[in-house]
Every structure is written in C-alpha cells, then in structure tokens.
1. Is segment 40-54 home to any residue that is modelled with pLDDT of 95 or more, surrounded by fewer than 19 Cβ atoms within 10 Å (Cβ to Cβ) and among the acidic types (Asp, Glu)?
2. Please note which strands (runs of 3 or more DSSP E) are completely contained in segment 1-71 and include at least 2 residues that are touching a residue at least 60 places away in the same chain (Cβ under 8 Å).
3. Can you name the residue in segment 223-251 that is over 15 Å from the mean Cα position of the chain (by Cα) and among the aliphatic types (A, V, I, L, M) and, of all such residues, is farthest from residue 299 (Cα to Cα)?
4. Do we have any residue at all in segment 320-339 that's surrounded by fewer than 18 Cβ atoms within 10 Å (Cβ to Cβ) and away from ligand 1 (no atom under 16 Å from the Cβ)?
5. Could you please find all residues in segment 296-315 being over 17 Å from the mean Cα position of the chain (by Cα) and either of a type in the set (Ser, Thr, Tyr) or surrounded by fewer than 19 Cβ atoms within 10 Å (Cβ to Cβ) (or both)?
6. Against the condition touching a Phe, Trp or Tyr at 6+ places or on another chain (Cβ under 6 Å), buried (at least 16 other Cβ atoms within 10 Å of the Cβ) and under 22 Å from residue 24 (Cβ atoms), how does residue 260 come out, does it pass?
7. So for segment 172-193 (the condition being assigned to a loop (DSSP other than H, G, I, E, B), modelled with pLDDT of 85 or more and within 16 Å of ligand 1 (Cβ to nearest atom)), does at least one residue qualify?
8. Just to verify a result, which residue in segment 76-98, among those that are of a type in the set (Lys, Arg) and outside any loop (DSSP other than H, G, I, E, B), is nearest to ligand 1 (Cβ to nearest atom)?
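The values are calculated or read from the model by the stated rules, or taken from the named source; none is laboratory data. The model shown is predicted, which means the values in this text are computed figures rather than measured ones. Cβ sites come from the backbone with ideal geometry, for glycine too, and all protein chains shown count toward neighbours.
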Amino acid sequence: MEVKSRYNVAIVGVTGAVGERMLEMLEKVDFPIDNLVPLASKRSAGKTFNFNGEEVTVKEAKPEAFEDIDIALFSAGGSVSRQLAPEAVKRGAVVIDNTSAFRMDEEVPLVVPEVNKEDIKNHKGIIANPNCSTIQMVAALEPIRKAYGLERVIVSTYQSVSGSGHDAVEELKDQTRAVLEGDPVYSEVLPVKSEKRHYPIAFNALPQIDTFEDNHYTFEEMKMINETKKIMHEPELKVAATCVRLPFFYSHAESVYIEVGNEEVTVPQLQGLIKDAPGIVLEDDIQNQGYPTPLSAEGKLDIFVGRIRKDIDVPNGFHLWVVADNLLKGAAWNSVQIAQALIEYNSDK
Ligand code: NAP
Ligand code: 3JM
C-alpha cells in the first residue's frame, strides 16, 4: 500500500449492522480518509447518508468499485468476501475482512490488536477480523496467558441477536410483540435470512449458532476454538466452547473457565493484570454488585471483565465473566483498529 496522508476507503456491507458501526468508528477516530466508497447489494444502491458532514451515496459492490481503493473493509457475509475480496486485492487494496471466509487461511493474519498487532505486517492483501465472541475472550485472556501461561479454556457464550444482523434484531422485536399479544405464530419454526431455519428466539435460549459440523460442535463454536489458537499462536491450547443465542439486542457475554500454568496464582493477581491491560476494564466489585452486563457494555469500545474467582476443586482453575459490544469491539471497532495499525506500519516502512 502506497504511503499517503489520506486514504481511499471502501466499506462493503455499509447498510448492515456492522457496516453502520464502521462508519461511526471511522468518524470517531477521524480516520484519514480522502474518498469514502460505501458499497452494499443492488437493493441499496442509490441510498444516501451523511458521513463527516457530507452526503454520500451507496453503490452496488462490484469488482470495478475497487479501482483506486487503498483499504476495503468487508462485512457482507462470507460469500461476498470470497467473491469480491480477491478482486479488491487485485486492484491494489488491502482488505480487512469481517467474515469467516479467510480467517483460517495460513497466508491471512487474524488480528486482535491487543493480542497480535504485529501479525498485520505479514499480510499479503487480506487481514481477517476474528469472530465477535473470539475477540473479547482472547483480549481478556491474553494478559493472563502472557504472565502465567494458559493450559485450558472452556467457554459458554450468551450472545445477543444483533450478531445475526439487522433482520435478527427486527425478528426479536416482532416475536416479542407477537408473544405478548398471544399470537399463535410464535410456536412455529421460523425462517430468517441469516440462519435458514431456527426455533423462536423471543423468551427462549438457542444452543445453536450457525450450522452443525461433523464433530457435533457448531461452526460458531469451532470458530472460537480454532481462531483462539491461531491468534494466540498456541496451537496446542485446549479450548472448548458452547455458543448460545439469547433474546437481548446488543453485546455478548461469556462465562470463561481457564486453567493457568501456575498453581500459586491468586484472584488479586489476575485482577491486577486485567486492570492494567489496554482496552480491558476490570468491573469486579461484588460487595457493591459490581460486574458488567450486556446493557452496561452496549455502545462501549472496551471489553469488561468481572466475577473473577478461583475454582473450588482445581488449584490452577479460574472463572471469569467477559462482556463486550459485539458490533463494536467484536466487529467494527476491531476492524478500524486494524486499519489504524496498518497505516501506522505502512508509514514506518
Ligand atoms: P446485516 O445487518 O444483515 O447486513 C448485511 C450487509 O451485507 C448489508 O449491508 C447488505 O446490503 C450487505 N450485502 C448482502 N448481500 C450483499 C451482496 N450480494 N453484495 C454486497 N453487499 C451485500 O449483517 P451484519 O450483522 O452487518 O453482518 C454482516 C457480515 O459481517 C456477517 O455476515 C458476518 O460475516 C460479518 N460479521 C462479523 C462479525 C464479527 O464479529 N467479526 C460480527 C457480525 C457480523 P443490503 O442492505 O443492500 O442488503
Ligand atoms: C457472524 O456468510 C455468512 O452467512 C455470514 C455468517 C456470519 C459470520 C461468518 O461466518 O462470517 C454471521 C455472523 C459471522 C462471523 O463473524 O463469524
């Protein structure tokens, strides 16, 4: 990528839940943009919105749209990325991809800046943004891994519906209204664009996010398992995950069990590490009912950690509660942080 004072930036999926937050984050950090190119499907072409005080018009995402683009942020699903990211790279852009399309590709760095920012330097045109649930967990665990080592991670997630996009947010509103009004439609298995067939989400808990794999884990669970090992450069780390969708709108919460590489570690030591880590906020004051919740984390860029406690039976075992806004640190904010690091490294060359 050429060194410039201002860059041409494309956003693919700009009308989506993640794309909208990307615009907010670029404005927030006053990202050095020369030309912003907002892209989505043909359905949205011609829609206008305000960016940095100017009206911009959405265009259809096609290969030609990437001429002269320096940085392309993708969040329009895996098939769009698989089809168009190579076209963007061919035309000289660096792609920061929010989908699972390239994450496990050996040539593609998978980056959470608080953990492995330097991996960005090895990119060959595509840098992947991890899954939302992976990002908040690895960032919270990295200071502990660095200090004491990590032997095992077992996570159960409590994920909001916005992780499935705008349609899923509307679906939860509609179903909630329908249930409260006694509409019988509620008991059906409803088709939704993002997940082909699923049970009702209102007043429910679904132990399935994405499709089932041959090993009986879901793809979302396997993303957490494989991505964690790759980001931390710990291929032998033992990781297991259960991912659950719940009926609230924003932020994901996680109950994380870890075994550290030292039996003498104490809760205050772990609290101290979390407190000092960039981008992580310790909210662990049970005397005053202090712990994070999805509502308290909504709209924030940080990752919040509370309820740190020692396992009753396992001397090197600990439990943590980790919460972050899935659309911000889990997606748009992490991508913009990667873009910032990319231009920082680019100008150092
Ligand atoms: P969403 O609200 O459903 O938005 C989907 C976006 O993709 C819309 O802008 C849509 O444009 C666009 N799109 C759909 N088909 C397209 C096509 N053929 N060509 C160009 N654009 C197309 O979903 P979202 O929550 O923003 O998520 C989008 C994607 O980001 C997900 O599929 C996922 O891969 C990724 N994601 C990543 C994370 C993460 O943690 N890293 C989190 C959430 C999502 P229209 O408005 O024109 O339909
Ligand atoms: C979050 O391609 C698709 O249908 C998108 C599925 C999806 C993903 C994914 O696999 O890219 C929806 C929501 C993610 C993600 O970040 O892993």
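1. No, because not a single residue in segment 40-54 is modelled with pLDDT of 95 or more, surrounded by fewer than 19 Cβ atoms within 10 Å (Cβ to Cβ) and among the acidic types (Asp, Glu).
2. In segment 1-71, the matching strands (runs of 3 or more DSSP E) lie at 7-12.
3. Within segment 223-251, the match that is farthest from residue 299 (Cα to Cα) is 237.
4. No: zero hits.
5. Of everything in segment 296-315, those that are over 17 Å from the mean Cα position of the chain (by Cα) and either of a type in the set (Ser, Thr, Tyr) or surrounded by fewer than 19 Cβ atoms within 10 Å (Cβ to Cβ) (or both) turn out to be 296, 307, 309, 310, 311, 312, 313, 314, 315.
6. no
7. Within segment 172-193 (the criterion being assigned to a loop (DSSP other than H, G, I, E, B), modelled with pLDDT of 85 or more and within 16 Å of ligand 1 (Cβ to nearest atom)), the answer is no, since none of the residues qualifies.
8. Out of the qualifying residues, it is 82.
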